[in-house]
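Chemist: Take a look at this one; I'll ask things after.
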There are 2 protein chains.
Amino acid sequence: MKIGILGGGQLGRMLIQNALKYDDEFYTLDPAADAPCHNISHFTQGSFNDYETVLHFGKDKDVVTIEIEHVNADALAELETSGIKVVPNSKIVKVIQQKILQKEFYQKNDIPSPEFQAVWNNDEEITMPTPFVQKMNTGGYDGKGVQVIKTPEDLQNIWKEPSVIEKLVDIEKELSVIVARNENGETKTFPVTEMVADPKLNLLDFNICPVMITDDTQRQIDSITEKFLNAIHSPGLFAIELFLDTAGKIWVNETAPRLHNSGHQSQEGNSNSQFEQMYRVVKNLPLADTDPLTYSGMLNLVGADGYTGKVLYEGMEEVLKLPKTYVHLYGKTETKPGRKMGHINVLADSREELLEKLVKVKSMVSVKAYI
Amino acid sequence: MKIGILGGGQLGRMLIQNALKYDDEFYTLDPAADAPCHNISHFTQGSFNDYETVLHFGKDKDVVTIEIEHVNADALAELETSGIKVVPNSKIVKVIQQKILQKEFYQKNDIPSPEFQAVWNNDEEITMPTPFVQKMNTGGYDGKGVQVIKTPEDLQNIWKEPSVIEKLVDIEKELSVIVARNENGETKTFPVTEMVADPKLNLLDFNICPVMITDDTQRQIDSITEKFLNAIHSPGLFAIELFLDTAGKIWVNETAPRLHNSGHQSQEGNSNSQFEQMYRVVKNLPLADTDPLTYSGMLNLVGADGYTGKVLYEGMEEVLKLPKTYVHLYGKTETKPGRKMGHINVLADSREELLEKLVKVKSMVSVKAYI
């Protein structure tokens with residue numbers, strides 16, 4: 001089968017890597033000539049935001065999917081009209097692309113998400129009291145397009161753009177759950193993962209599974225995933241990012257209609273990974289079992305501050321000596337501060353051992369550049 | 001790093017698939033235009049048996065390795081002379097390529113292997129009494145180039161070619177052990193796997209791990225792997241095929257200087273797979289831990305008799321519904337009787353459950369062709 005992917009980054013690369021277990025042909029579209037997928041698929045250099053480019057790219061494929069949500073959804077709709085299968089479909093991509101529509105989707109489907117005000121026009125009065133979060137309606141990504149307005153004085157910094165004004169949640173924990181639905185309507189949910197963030201213990205930016213939550217919390221999440229999967233009317237794999245507040249209530253922060261960083265530990269930690277699941281969704285195959293095999297966690301390898309150029313993974317050889325430690329690089333030759341270059345997954349027999357191993361690995365490796 | 005592989009079949013494909021976790025560039029050489037590696041590496045169509053072709057292919061690589069042993073070893077030696085790293089080195093490839101030299105290698109290094117007579121010339125008298133096995137000196141592969149001479153009458157069928165005449169072993173079990181050595185001299189051994197063959201129970205052609213062997217048998221195998229790893233004087237990954245005879249003694253049948261079908265269950269069954277280990281050998285990285293995670297087994301997907309053409313995996317969708325069952329196809333579009341098209345790995349909590357699952361999966365799927 002000819003599978004086209006809009007985007008040629010690391011998510012696409014790991015999807016294709018996993019799918020080399022099967023017999024398909026992959027095609028990718030990305031503006032960067034050296035995108036991580038360029039040398040492992042039929043690669044087209046071009047913009048996935050451009051209507052004509054996407055239409056041209058998709059028209060001879062059996063199915064078109066995405067590994068980034070900022071794509072031209074009108075072109076996806078046109079491809080659907082012409083009979084090409086699009087996963088997830090253009091409607092749900094359009095809803096998720098626009099934060100205001102996304103919030104209205106939660107509201108309509110009785111999915112708990114923080115109270116909000118939709119601001120379409122520059123001159124609209126903001127009625128939400130400070131402190132609050134402002135999220136740009138479109139284009140937000142990896143923390144960009146989001147700001148906190150703390151005090152009435154900060155109101156002068158407000159972006160004069162269509163946006164969501166959202167009540168600040170008193171966050172206890174950040175959780176994530178990856179769900180999948182195929183064309184046949186079969187659904188499957190991955191175990192919840194937790195973003196560990198304890199600056200005092202130097203525990204930061206690790207995503208781990210399984211999580212320590214109460215039965216009540218799990219029930220709230222189950223209710224959310226069920227409502228979500230019933231409401232999307234589309235095949236797809238989705239990452240639902242959640243807040244657990246200090247009062248014990250779960251809120252949906254936002255959803256990505258694609259493979260997600262918070263699911264990377266599934267590569268070695270679960271019976272099957274999010275990449276295997278996404279492949280099965282795209283092909284409308286029976287969904288894979290997602291059981292956790294043991295305690296698993298992930299840390300991102302991010303370009304260190306002050307280093308730009310040909311990447312050098314300092315300390316990596318020592319990391320490779322550690323048992324049940326799995327290095328995943330993204331085929332990016334150039335590093336720059338903050339760039340996601342890879343990740344490391346770790347398995348352990350207990351939560352304590354897992355956190356210890358993650359802290360140790362993090363202290364051993366850094367992403368620098370050759371001088 | 002530029003890594004060149006002689007051969008572009010499924011072993012190379014799975015090596016590259018695994019190595020997409022890292023940042024190397026792979027180059028493959030194979031006579032078949034549609035070889036499994038053709039669309040996932042820089043591919044050169046050509047003969048790995050041809051001196052000039054191999055020399056030309058290898059001369060601009062950082063390291064050259066093999067995924068089949070029937071390559072031009074003189075060209076590998078020439079590449080070494082010109083400073084290219086070759087893994088495994090040309091010397092050990094030459095020894096293993098020729099069954100007579102391979103048997104002499106075992107003899108010299110006190111590695112138990114069945115009694116034999118080397119026949120270099122057609123007119124040499126065969127002194128071994130029947131029954132015995134005749135193995136062609138070169139070119140044997142996947143059961144080809146091997147015949148059993150049972151009676152004095154069968155002697156008329158003897159191949160008039162350089163060959164090894166080998167005493168028949170009264171086989172209780174066929175075992176295999178995969179060992180690795182990197183350039184630094186570090187060594188690592190995978191747990192022994194067993195080729196299950198019980199026609200009465202319909203248990204056939206499954207490779208499973210761990211095996212049911214006595215401590216004494218394990219000690220015999222440990223002694224063999226130690227002697228082998230000390231004798232090769234080369235980095236590499238090697239599959240040592242073993243016979244356990246009915247008297248409880250272990251004999252080396254033969255060795256492959258490469259990735260091997262008997263190690264495929266390591267993909268999901270062990271902490272790291274033979275493909276990860278081979279990658280680390282090629283790059284002279286610390287070797288990976290090889291612990292078994294649970295009971296694991298593999299069955300080959302082989303083209304059914306009577307079917308030639310565009311492959312159709314009958315029953316595959318049902319197989320994909322089974323938990324802890326992993327399908328690996330080799331990207332081959334055309335099937336023919338006996339062609340290895342893929343394999344399926346299965347995990348289980350006990351040996352009994354494993355064998356049951358393997359028998360079940362085998363009965364569910366067959367490799368046919370579209371009419």
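Chemist: Restricting to segment B:280-297, name every residue that is within 14 Å of chain A (Cβ to nearest Cβ) and in contact with a Phe, Trp or Tyr (Cβ under 7 Å, 6 or more places away or on another chain).
Modeler: B:Thr290 - this is the single residue of segment B:280-297 that is within 14 Å of chain A (Cβ to nearest Cβ) and in contact with a Phe, Trp or Tyr (Cβ under 7 Å, 6 or more places away or on another chain).
Chemist: In segment B:313-331, which residue that is facing chain A (nearest Cβ under 7 Å) and under 22 Å from the mean Cα position of the chain (by Cα) is surrounded by the fewest Cβ atoms within 10 Å (Cβ to Cβ)? Before the answer, list the steps.
Modeler: Taking segment B:313-331 and keeping what is facing chain A (nearest Cβ under 7 Å), we get B:317, B:320-321, B:323-324, B:327-329, B:331.
If we keep only those that are under 22 Å from the mean Cα position of the chain (by Cα) as well, we get B:327-329, B:331.
Details: B:Val327: 18, B:His328: 21, B:Leu329: 22, B:Gly331: 23.
Here the answer is B:Val327.
Chemist: Could we say that A:Glu356 is more than 13 Å from every other protein chain (Cβ to nearest Cβ), without any contact (Cβ under 8 Å) to a residue 40 or more places away in the chain, assigned to a helix (DSSP H, G or I) and on the phi < 0 side of the Ramachandran plot here? It would help to see each step written out before you state the result.
Modeler: Numbers: more than 13 Å from every other protein chain (Cβ to nearest Cβ): yes; without any contact (Cβ under 8 Å) to a residue 40 or more places away in the chain: yes; assigned to a helix (DSSP H, G or I): yes; on the phi < 0 side of the Ramachandran plot: yes.
Answer is yes for this residue.
Chemist: Looking at segment B:278-306 only, could you name the residues that are assigned to a helix (DSSP H, G or I) and closer than 21 Å to B:Ser350 by Cβ? Walk me through it before giving the result.
Modeler: In the first step, residues of segment B:278-306 are kept if they are assigned to a helix (DSSP H, G or I); the result is B:278-282.
None - no residue of segment B:278-306 is assigned to a helix (DSSP H, G or I) and closer than 21 Å to B:Ser350 by Cβ, so the list stays empty.
Chemist: So which pairs qualify, if the first residue must be in segment A:14-42 and away from chain B (no Cβ under 11 Å) and polar (S, T, N, Q), the second must be buried (at least 23 other Cβ atoms within 10 Å of the Cβ) and assigned to a helix (DSSP H, G or I), the Cβ gap must be under 7 Å, and the two must be at least 6 apart or on different chains?
Modeler: A:Thr28/A:Gly12
Chemist: A follow-up question, please. Would you confirm whether any residue within segment A:293-308 is free of Cβ contacts under 8 Å to residues at least 40 places away in the same chain, of a type in the set (D, E, K, R) and out of contact with any Cys (no Cβ under 7 Å at 6 or more places or on another chain)?
Modeler: yes
Chemist: Any chance segment A:201-217 includes a residue that's surrounded by fewer than 20 Cβ atoms within 10 Å (Cβ to Cβ), polar (S, T, N, Q), outside the structural domain of A:Val63 (by TED's automatic domain parsing) and at pLDDT 95 or above? Before you say what the answer is, go through the steps one by one.
Modeler: Applying the first criterion (surrounded by fewer than 20 Cβ atoms within 10 Å (Cβ to Cβ)) to segment A:201-217 yields A:201-205, A:210, A:212-216.
Restricting the remaining residues to those that are polar (S, T, N, Q) gives A:202, A:214.
Still in the running and outside the structural domain of A:Val63 (by TED's automatic domain parsing): A:202, A:214.
From what is left, the residues that are at pLDDT 95 or above are A:214.
Within segment A:201-217, one or more residues are surrounded by fewer than 20 Cβ atoms within 10 Å (Cβ to Cβ), polar (S, T, N, Q), outside the structural domain of A:Val63 (by TED's automatic domain parsing) and at pLDDT 95 or above.
Chemist: Right, here's the next one. Select from segment A:145-179 the residues that are open to solvent by less than 80 Å² (accessible area, probe 1.4 Å), closer than 17 Å to A:Glu115 by Cβ and part of a strand (DSSP E or B) and list them in ascending order.
Modeler: Of everything in segment A:145-179, those that are open to solvent by less than 80 Å² (accessible area, probe 1.4 Å), closer than 17 Å to A:Glu115 by Cβ and part of a strand (DSSP E or B) turn out to be A:Val146, A:Val148, A:Ile149, A:Ser163, A:Val164, A:Ile165, A:Glu166, A:Ile171.
Chemist: How many of the residues in segment B:98-120 are of a type in the set (Ser, Thr, Tyr) and under 11 Å from B:Ala231 (Cα atoms)?
Modeler: Filtering segment B:98-120 down to residues of a type in the set (Ser, Thr, Tyr) leaves B:106, B:113.
Still in the list and also under 11 Å from B:Ala231 (Cα atoms): B:106.
Of the residues in that region, 1 qualify.
Chemist: Kindly provide the set of residues from segment B:332-343 that are surrounded by fewer than 21 Cβ atoms within 10 Å (Cβ to Cβ) and either within 13 Å of chain A (Cβ to nearest Cβ) or charged (D, E, K, R) (or both), ordered by number. Before you say what the answer is, go through the steps one by one.
Modeler: Filtering segment B:332-343 down to residues surrounded by fewer than 21 Cβ atoms within 10 Å (Cβ to Cβ) leaves B:333-334, B:336-340.
Those that are surrounded by fewer than 21 Cβ atoms within 10 Å (Cβ to Cβ) and either within 13 Å of chain A (Cβ to nearest Cβ) or charged (D, E, K, R) (or both): B:Thr333, B:Glu334, B:Lys336, B:Arg339, B:Lys340.
Chemist: The conditions are (1) over 23 Å from the mean Cα position of the chain (by Cα); (2) surrounded by 14 or more Cβ atoms within 10 Å (Cβ to Cβ); (3) more than 9 Å from chain B (Cβ to nearest Cβ), and A:Asp349 fails exactly one of them. Which is it?
Modeler: (2)
Chemist: Something else: Any residue at all in segment A:229-237 that is more than 23 Å from A:Ile68 (Cβ to Cβ), at pLDDT 95 or above and surrounded by fewer than 21 Cβ atoms within 10 Å (Cβ to Cβ)? Talk me through it step by step, then tell me what you get.
Modeler: Step one: of segment A:229-237, the residues more than 23 Å from A:Ile68 (Cβ to Cβ) are A:230.
Of the ones still in play, those that are also at pLDDT 95 or above are A:230.
Filter again for surrounded by fewer than 21 Cβ atoms within 10 Å (Cβ to Cβ), leaving A:230.
There is at least one residue in segment A:229-237 that is more than 23 Å from A:Ile68 (Cβ to Cβ), at pLDDT 95 or above and surrounded by fewer than 21 Cβ atoms within 10 Å (Cβ to Cβ).
Chemist: Somewhere in segment B:252-267, is a residue within 14 Å of chain A (Cβ to nearest Cβ), of a type in the set (Lys, Arg) and either assigned to a loop (DSSP other than H, G, I, E, B) or closer than 29 Å to A:Lys283 by Cα (or both)?
Modeler: The answer is no; no qualifying residue exists.
Chemist: Further question: Quick one: B:Gly139 ticks every box in (1) under 24 Å from B:Gln107 (Cα atoms); (2) without any contact (Cβ under 8 Å) to a residue 40 or more places away in the chain bar one, so which box is it?
Modeler: All conditions pass for B:Gly139, except number (2).
Chemist: Scan (1) more than 9 Å from every other protein chain (Cβ to nearest Cβ); (2) in contact with a helix residue (DSSP H, G or I) (Cβ under 8 Å, 6 or more places away or on another chain) for the single condition A:Thr308 breaks and write down its number.
Modeler: For A:Thr308, the failing item is (2).
Chemist: Can you tell me how many residues within segment B:238-261 are farther than 11 Å from B:Ile111 by Cα and open to solvent by less than 10 Å² (accessible area, probe 1.4 Å)?
Modeler: Of the residues in that region, 8 qualify.
Chemist: Of the conditions (1) outside any strand (DSSP E or B); (2) farther than 30 Å from B:Glu318 by Cβ, A:Phe275 clears all except one; give me its number.
Modeler: If we test A:Phe275 against (1) outside any strand (DSSP E or B); (2) farther than 30 Å from B:Glu318 by Cβ, just (2) comes out false.
The values are calculated or read from the model by the stated rules, or taken from the named source; none is laboratory data. Quick caveat: nothing in here was measured; it's all calculated off a predicted structure. Positions of Cβ are backbone-derived with ideal geometry, glycine not excepted, and every protein chain shown enters the neighbour counts. Please note that ligands, DNA and RNA were not included when accessible areas were found on the heavy atoms of the full protein model with its side chains. Shrake-Rupley method; radii C 1.70, N 1.55, O 1.52, S 1.80 Å.
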